[in-house]
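The values are calculated or read from the model by the stated rules, or taken from the named source; none is laboratory data. Fair warning: this is a prediction, and the values are worked out from it, not measured in the lab. Backbone-built Cβ (ideal geometry, glycine too); neighbour counts: all protein chains shown. When the accessible area is computed, the model is the full protein with side chains, heavy atoms only, and any ligands, DNA or RNA have been set aside. Shrake-Rupley method; radii C 1.70, N 1.55, O 1.52, S 1.80 Å.
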Amino acid sequence: MGVRPADFTGTDILLLAAELSAAGRAFALGVVVEAQGSSAGRIGAKALFDVEGEVIAGWGGGGCAESTIAHAAVEACASGTPQLVEVDLDSEVLGAGMPCGGRMRVYVEPVLPRPALWILGHGRVAECLCHFGVLLGFSVVVDDAMAVAERFPEASRIIADDPDYVAVTPVAGDFAVVATQHRGDHESLRRLLASEVGHIALIASRKRAGLVLAYLRKIGFDRQAIDRIHAPAGLALGAHTPEEIALSVIAEIVLVRRSRAERVAAPQAGDLAATRAEPLRLVGRMR
């Protein structure tokens with residue numbers, strides 16, 4: 001997607017942000033919420049950064065501040081957590097060794113595509129997983145020969161003609177649940193292990209899960225690969241009904257998802273505390 005000139009008021013920036021979001025691209029929006037002294041950035045100035053900290057479009061205050069804001073954008077995209085950045089332009093650490101003068105505060109908001117929840121299988125557990133997944137912000141893809149739109153009305157995509165799971169193409173930030181009820185779970189897991197999917201859950205009894213994992217070891221998957229599979233899937237909630245089983249599985253997925261974000265964000269705990277402490281004042285300034 002090409003870069004367009006952006007107006008200072010941020011109208012074009014926000015339009016471009018909407019286009020990037022619709023295209024499934026991850027980026028961060030930086031907004032100057034406070035500016036003092038001779039800072040080049042004025043309140044309301046906006047800039048878009050990609051996940052590597054490169055400026056896509058906009059203006060965030062110039063060279064003295066841009067590297068600091070870009071670094072925050074990279075961390076925000078990695079953790080999924082907003083940051084409030086203090087930029088001291090009187091510091092000789094910034095820029096090329098010469099203080100620029102002034103001070104800025106920049107709110108950096110990550111805008112990330114929804115992770116996909118791949119559900120391989122059909123039945124009541126799979127249907128509940130689809131519903132829970134959509135409620136929790138996932139883009140749900142269902143792959144099963146017996147999956148029909150009437151049973152998965154909230155799914156973003158239904159794949160019903162994929163007996164060899166060739167269409168199963170999750171990426172690193174996605175999650176996958178194998179709910180095939182023992183039919184095709186070996187093949188579906190082989191396909192998932194060949195991908196970069198970040199979390200694989202197998203819904204099965206402890207005995208069945210043991211047999212499946214033993215089979216995967218026998219055909220050559222090493223321990224590191226096998227350890228990517230959570231089996232039996234789900235938190236120990238004492239679940240019995242299909243609805244309870246789906247709840248335990250999605251709860252485990254949420255735990256894994258949020259734990260990853262917290263591990264990434266841990267070095268910036270102080271900054272995050274400041275962000276949480278002043279949300280209303282920041283929103284008021286941004287209007």
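Given the condition more than 21 Å from residue 80 (Cβ to Cβ), part of a strand (DSSP E or B), of a type in the set (A, V, I, L, M) and under 21 Å from the mean Cα position of the chain (by Cα), answer yes or no: does some residue in the range 98-113 qualify?
No, every residue in the range 98-113 fails to be more than 21 Å from residue 80 (Cβ to Cβ), part of a strand (DSSP E or B), of a type in the set (A, V, I, L, M) and under 21 Å from the mean Cα position of the chain (by Cα).
Pick from 110, 115: which is under 24 Å from residue 257 (Cβ atoms), touching a Lys or Arg at 6+ places or on another chain (Cβ under 9 Å) and modelled with pLDDT of 90 or more?
Only one candidate qualifies: 115.
Please specify each residue of the range 124-143 satisfying the condition of being assigned to a loop (DSSP other than H, G, I, E, B) and either modelled with pLDDT of 95 or more or of a type in the set (A, V, I, L, M, F, W, C) (or both).
136, 138
Does residue 247 qualify as being more than 15 Å from residue 185 (Cβ to Cβ), at pLDDT 90 or above and open to solvent by 70 Å² or more (accessible area, probe 1.4 Å)?
For residue 247, the condition - more than 15 Å from residue 185 (Cβ to Cβ), at pLDDT 90 or above and open to solvent by 70 Å² or more (accessible area, probe 1.4 Å) - is met.
Identify, from the list 184, 173, the residue that is in contact with a Gly (Cβ under 8 Å, 6 or more places away or on another chain), of a type outside the set (D, E, K, R) and at pLDDT below 90.
Values: 184 fails: in contact with a Gly (Cβ under 8 Å, 6 or more places away or on another chain).
Just one listed residue meets the conditions, 173.
What number of residues within the range 179-231 are over 21 Å from residue 141 (Cβ atoms) and either in a strand (DSSP E or B) or open to solvent by less than 40 Å² (accessible area, probe 1.4 Å) (or both)?
7
From the residues in the range 132-169 that are without any contact (Cβ under 8 Å) to a residue 24 or more places away in the chain and closer than 16 Å to residue 243 by Cβ, which one is least open to solvent (accessible area, probe 1.4 Å)?
Among those that are without any contact (Cβ under 8 Å) to a residue 24 or more places away in the chain and closer than 16 Å to residue 243 by Cβ, it is 134.
Given the options 235, 247, name the one that is touching a helix residue (DSSP H, G or I) at 6+ places or on another chain (Cβ under 6 Å) and more than 15 Å from residue 143 (Cα to Cα).
The unique qualifying residue is 235.
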